[in-house]
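The values are calculated or read from the model by the stated rules, or taken from the named source; none is laboratory data. Just so you know, these numbers come straight off a predicted model, no measurement behind them. Cβ atoms come from the backbone with ideal geometry, glycine included; neighbour counts cover every protein chain shown. Please note that ligands, DNA and RNA were not included when accessible areas were found on the heavy atoms of the full protein model with its side chains. Shrake-Rupley method; radii C 1.70, N 1.55, O 1.52, S 1.80 Å.
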Amino acid sequence: MTAPMDVPSSAPEAQPGAVLTGAGGSIQGRSLRQIAWLRLKRDRVAMAGGVVVAVLVLAALAAGVLDKLFGLIPTTAFNQDLIDPDLQIPKGAFGGISLAHPLGIEPTSGRDLLARIFAGSWISLLIAFLATMLSVVIGTLMGVVAGYFGGWVDTLISRLMDVFLAFPLLVFALALAGVVPDNAFGLSGDVLRIALLIFIIGFFNWPYIGRIIRGQTLSLREREFVDAAKSLGARQPYILFRELLPNLAAPILVYSTLLIPTNILFEAALSFLGVGVRPPTPTWGGMLSDAAHYYQIDPEFMLVPGLAIFVTVLAFNLFGDGLRDALDPRAR
Amino acid sequence: MDELLTVSGLEKHFPVRRGLLQRRTGAVKAVDGLDFTVNSGETLALVGESGCGKTTTGRLLTRLLAPSAGRIEFEGRDITHLSTAALRPLRRDIQMIFQDPYSSLNPRHTVGTIVGAPYRLQKVQTPQGTKRAVQDLLELVGLNPEHYNRYPHEFSGGQRQRIGIARTLALKPKLIVADEPVSALDVSIQAQVVNLLEDLQNELGLTYVMIAHDLSVVRHMSDRVAVMYLGKIVELAERTALYERPMHPYTVALLSAVPIPDPRRREGRERIRLTGDVPSPLNPPPACRFHTRCWKAQDKCRTVEPPLLELAPGHQTACHYPENPPT
């Protein structure tokens, strides 16, 4: 019965990379990150989305520089000479598109649309990014704690998530934005409005990611490496943040890229309803709201911010989907 | 030999809760009264079918689980109810090898991080730095020290188990609880890992509690064997005595199921087929727990629980009508 055991213990198993060392150098080990990057590079749709996202972020960051470069001023340059004084719409075809104003100008006010789209992108992306970060931080923390500790902690946090998910967010946002005065918390003007939007959008969206993280944690905590850490005398913060959190990086990253477009849309909706950042500071939702008055006589005005939102949301979604495929080893 | 570990009356009952108020409606008696000792330098094997409480026992010994009752003494010190903080220094002396090499290594950590974790967690300073110590460990378990920066997914099952063993050895433990250390591996790799464990035992003077269901591996590795059935030890004996003169009918049945590679020898053997399933540990049979499947069961087995008695020197059996009774 002991026959199958009689193999000398010195026989080493094949070492990774050792097989091909004779044939032109050793094989480099690839980290999980490198594998995900290779897969992402192969996904053209996702890469296209990623490129658009990168361009948008760069454009948003450089909005001020671009304005100077093209001699555009988003809020104060009223090109009244280009507005038809009778109809109050831009002279020329397609909303007054010209070399000086590649996307045309606003009816009545005559402000350059490209400049306003750039300035608006800055606000849209800033709010969407920071609100997403807020959701992700709260959601991850709550999700990990609920999933790892279980019991009454889990019950408490899960019910809290239910409460938040059942919350009429839009109505609350409308009410809160109306109640908060122009000066509050030591902030005022645009800064206050932006902070308020980030708080409203971010603070009420965490349960979505919280649930995903809780579910992942539930399955991760049963893995033996958690027991291994425990049997080495690891403290709970170590297990939560060093052992579990790195394994949650993929869902967190994917969910973030998918949450950003949702938040862009939400910010646009709030601005459209007039509770976002106030004029004259341009936002995409605010521009869309303005354009609604003119859609019969100047449809191009509505098309510009609409397309901006559409392209941005689509690019983020495509990139997020591709990222999910690349990071999930089972979805080959 | 010195007794390293003494276990008496060890129990672990998992409560079963039902309904809105989470009322306790019963308990799974995973481990239900174990008594045994582990001597310094030996290998004690715990064998039994799935669900007999082997793994739970292993987790109780390493105090990953808290016992419901009983007493665990390590080097004469009661560790049954030590708090997490009080256990921490003790973790250096009692370590565990895990069953599944695919889930026991964190996929996001490098080999260096995994094997070096014991030093960091226990704040142990090594003379030439942690990296050097880790590389020495990798070499000790037969891996290339240059694989320090690789990730677990780059290794085969056997290599991963070696990584796990290296981590276990980092703190130079006195007792290692090996929970089915080779059952997840290919047979060809099993032999290598088993031999590695043996070499390490000789080299470092380790004491193993080995949990296994493969009787060939147990026969190869262990000094003494404890056979478990439904949360209890039914037979505990020296390896040779147990394999050659098993006394408990359950042990006899288990041994008759071990495949024999030689067809000629196989013919002469009587294969005992146990009928029925293992009864639920939620509601184990009264008295002798094996009586529902035992071909020798009498009325006494259904009413009087057989105590674990030393029928021959060093050979304990819990049976009213043992096989191979001592003459």
Query - For the protein assembly as shown, calculated [θ]222 nm from helices alone, where every DSSP H run of n ≥ 4 adds -39500 (n - 2.57) - result: -14500 deg cm²/dmol
Query raised in the report: How much net charge surrounds B:Met247 when only the other residues with a Cβ under 13 Å from the Cβ of B:Met247 are counted, with Lys and Arg +1 and Asp and Glu -1?
Result: -3
Report summary line: Sorted by accessible surface (1.4 Å probe, heavy atoms of the protein chains only), largest first, A:Trp206, A:Trp152, B:Trp295 come out as A:Trp152, B:Trp295, A:Trp206
Query - Charged-residue dipole, Cβ positions (Lys, Arg, Asp, Glu), region A:121-331 about Cα centre, Debye nearest 20 - result: 660 debye
Report summary line: Given trypsin sites (Lys or Arg not before Pro), DSSP loops and at most 10 other Cβ atoms within 10 Å, the longest exposed-site-free stretch of chain B is B:124-270
Query raised in the report: Looking at this model, which pairs from B:Lys172/B:Lys232; B:Lys54/B:Lys172; B:Lys12/B:Lys232; B:Lys12/B:Lys54; B:Lys29/B:Lys232 are more than 20 angstrom apart at the alpha-carbon?
Result: B:Lys172/B:Lys232; B:Lys54/B:Lys172
Query raised in the report: In a GNM of chain B with a 10 Å cut-off on Cα contacts, which of B:Phe36, B:Phe290, B:Phe155 has the highest mean-square fluctuation?
Result: B:Phe155
Query raised in the report: Tally Lys/Arg at +1 and Asp/Glu at -1 over every other residue whose Cβ is under 9 Å from the Cβ of A:Gly147; what's the total?
Result: +1
Query raised in the report: Regarding region A:217-291, what whole-number volume in Å³ per residue does the convex hull of its Cα atoms give?
Result: 118 Å³
Report summary line: quick shape note, region A:121-331: Cα extents on principal axes in Å, largest first -> 71, 40, 28
Query raised in the report: So what's the angle, to the nearest 10 degrees on a 0 to 90 scale, between helix B:187-204 and the longest Cα principal axis of chain B?
Result: 70 degrees
Report task. Could you size up the charge dipole of the protein assembly as shown around its Cα centre, putting +1 on the beta carbon of Lys and Arg and -1 on that of Asp and Glu, and report it in debye to the nearest 20? Result -> 880 debye
Query raised in the report: What are the aspartates and glutamates whose alpha-carbon lies under 19 Å from the alpha-carbon of B:Lys296, with same-chain residues fewer than 8 places away excluded?
Result: B:Glu235, B:Glu270, B:Asp277, B:Glu305, B:Glu323
Report summary line: If unit charges are put on Cβ atoms (+1 for Lys and Arg, -1 for Asp and Glu) and the dipole of region A:121-331 is taken about its Cα centre, the option from A:Ala326, A:Ile297, A:Pro246 lying farthest towards the positive end turns out to be A:Pro246
Query - Vicinal HN-Hα couplings computed from phi for region B:137-144 (Karplus, 6.51 cos²θ - 1.76 cosθ + 1.60; Hz; Gly/Pro x) - result: 5, 4, 5, 4, 8, x, 10, 6
Report task. Taking the dipole about the Cα centre of region B:52-121, with the C-beta of Lys and Arg at +1 and of Asp and Glu at -1, give me whichever of B:Thr84, B:Gln95, B:Ile114 is farthest to the positive side. Result -> B:Ile114
Requested in this report: Obtain the radius of gyration and the Kirkwood radius of chain B from its C-alpha atoms and give Rg over Rh.
Outcome: 0.99
Requested in this report: Would you mind telling me which residue in B:Pro285, B:Pro107, B:Pro263 has the biggest mean-square fluctuation in a Gaussian network model of chain B, where springs connect alpha carbons within a distance under 10 angstrom?
Outcome: B:Pro263
Query raised in the report: So what does B:Cys301 come to for accessible area, using a 1.4 Å probe and Å² rounded to 10?
Result: 10 Å²
Report task. Starting from one equal scatterer on each C-alpha and no solvent at all, send me the Debye-based log10 I(q)/I(0) for the protein assembly as shown at q = 0.11 Å⁻¹, two decimals. Result -> -1.11
Query raised in the report: Rolling a 1.4 angstrom probe over the protein heavy atoms, how many square angstrom per residue are accessible across the protein assembly as shown?
Result: 47 Å²
Query raised in the report: How much net charge surrounds A:Val191 when only other residues with a Cβ under 14 Å from its Cβ are counted (Lys, Arg +1; Asp, Glu -1)?
Result: 0
Query - Heavy atoms of A:Phe167 accessible to a 1.4 Å probe, total area in Å² rounded to 10 - result: 80 Å²
